[in-house]
Amino acid sequence: MAETVADPRRKGLKRLFLVLNCIMLSVGTCGSPLIMRLYFVRGGARMWLVSWLEMGAWPMLLVPLGAAYSRRRSAEGPTARLVLMDRFLFAAAAGIGVLLGLDNYFYAYGVGRLPVSTSALLIATQLAFTAGFAFLLVRQRFTSCSINSIFLLTIGAGVLSMHTSSDRPAGESKGAYFTGFFMTLGAAALYGLVLPLVELMYKKANQAVTYSLVLEIQLVMCFFATAFCTVAMLVNKDFQAIPREARNYELGEARYYVVLVWTAIINQFFFLGAIGVIFYASSLFSAVIIATLLPFTEILAVICFQEKFQAEKGVALALSLWGFASYFYGEFKLAKKEKEATAGTVIKPAETEMHQQGLP
C-alpha cells in the first residue's frame, strides 16, 4: 500500500522537475542568442570570451550540490559520500566538456556574424542531427514522421543558404558571413552529437543516476569546457583586451560587465535545463523543445534588433514548424501504440488466469 502511494508521488515529483528543467531550457534557448548578439552589435568582438561565458557560470552549481550533500549527510551520517560520480563518469563528462568548449566557439562565432533570426533557424537543424546520432548511439527508433521532419529541417537550412545577400549585416564580408553560416551548422551538428552522448553516458553508468549525480556531471562538463576556452583566451590575449573593450563599449563600461554576467547566467540555465530534460525524458525531447521555441526566438530578434524578416526566412520557418509538427505527430502515434501494447500484455495474463479458473 505504501508503495502504491509512493509511486504517484514519485511520478508527480518527476513531472515537476521535468517542467522546471523545461523552463530553464526555454529561458536559455530564447535568451542566450539575444544577450550574446547584444554583446556583438554594441561593440564586443572577442569570440573566445563569449565561448568562455557560455559555461563560465558553473560555480552556480555548487549551491544545489552543497544542499544535496547536506541532505545526504543528515540522512546517512558521516559515511555520506561527498562526490557521487565514479572515474568512468568523470572521464566521460570531461571528454564531453571539451567537445562542448569547441561547440561553444562555433556557436559564438555564428551569433557574432549572423542575425539572430538566421542563426536560430540554423541551430534548429540540431533536431535532425540529434535524431541521427540518437539512432546510432542510443538506438532511438526512427519513424516515417521523424524522417520527414529531418528532411524538412534540412530543406529549410538549404533555403536560407541560397538567399544571403539581403541578410548580411552592414560592413560584413561575404566570406565572414558564410564562415558564420557554416560554423553555426557545425555547432548544431556537434551539439546534436553531445545530447545523445550524455544520454549514452547515463545508460552506461555503473551506478544509480540521481539528479545530484546529474548536477555533478554538469559541473565537470562545464569546468572542462571553460578550461578549454580559458587556454584559447590566454593564447588569443583576450583577458588583456577586456578592460579596453569595456571602455569603448557603446552602452558604457558598467553595462558591458552586466551583459557579460547575464550571458553567463542565461547560458548556464540553457545547459542545466538541457541535461535535466535528458535525465527526466530523453536527448531527443531536449532537442525538440529547443526547436519548438524557434518562432519565439525569431519574434524576439525582430523586436529587439529590428532584424529584417525576408520571404526566405518565412519559408524556412514554415518548413521548420512543419518538421516539428511532423515529429510530434510521429511521437504521439508511437507513444499511443506502446501504451496499447503495454495494456495488452497486462490484460492478457489476467484473462488467461480467469479462463484457467473456469471463469467467463
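The values are calculated or read from the model by the stated rules, or taken from the named source; none is laboratory data. Predicted model, so just to flag it, every value in this text is computed and none were measured. Cβ placement follows ideal geometry from the backbone for every residue including glycine, while neighbour counts extend to all protein chains displayed. Calculation scope for accessible area: heavy atoms of the full protein, side chains included, ligands and nucleic acids excluded. Shrake-Rupley method; radii C 1.70, N 1.55, O 1.52, S 1.80 Å.
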Any chance LEU137 is touching a helix residue (DSSP H, G or I) at 6+ places or on another chain (Cβ under 7 Å), at pLDDT below 75 and open to solvent by less than 80 Å² (accessible area, probe 1.4 Å): no
Residues of region 232-264 classified as over 29 Å from ALA94 (Cα atoms), assigned to a helix (DSSP H, G or I) and open to solvent by less than 70 Å² (accessible area, probe 1.4 Å), total: 4
Given (1) surrounded by fewer than 21 Cβ atoms within 10 Å (Cβ to Cβ); (2) assigned to a helix (DSSP H, G or I), number of the condition ARG81 does not satisfy: (2)
Residues satisfying the stated conditions in region 294-330, i.e. surrounded by 19 or more Cβ atoms within 10 Å (Cβ to Cβ) and under 19 Å from THR130 (Cβ atoms): LEU294, THR297, ALA316, LEU319, SER320, GLY323, PHE324, SER326, TYR327, GLY330
All positions within region 200-221 that are open to solvent by 20 Å² or more (accessible area, probe 1.4 Å), under 20 Å from ALA134 (Cα atoms) and assigned to a helix (DSSP H, G or I): LEU200, TYR202, LYS203, LYS204
Test: residue in region 222-231 that is farther than 30 Å from ALA287 by Cβ, out of contact with any helix residue (DSSP H, G or I) (no Cβ under 6 Å at 6 or more places or on another chain), part of a helix (DSSP H, G or I) and of a type outside the set (A, V, I, L, M, F, W, C): no
Counted residues, region 31-64 - those being open to solvent by 20 Å² or more (accessible area, probe 1.4 Å) and within 21 Å of the chain's Cα centre (by Cα): 12
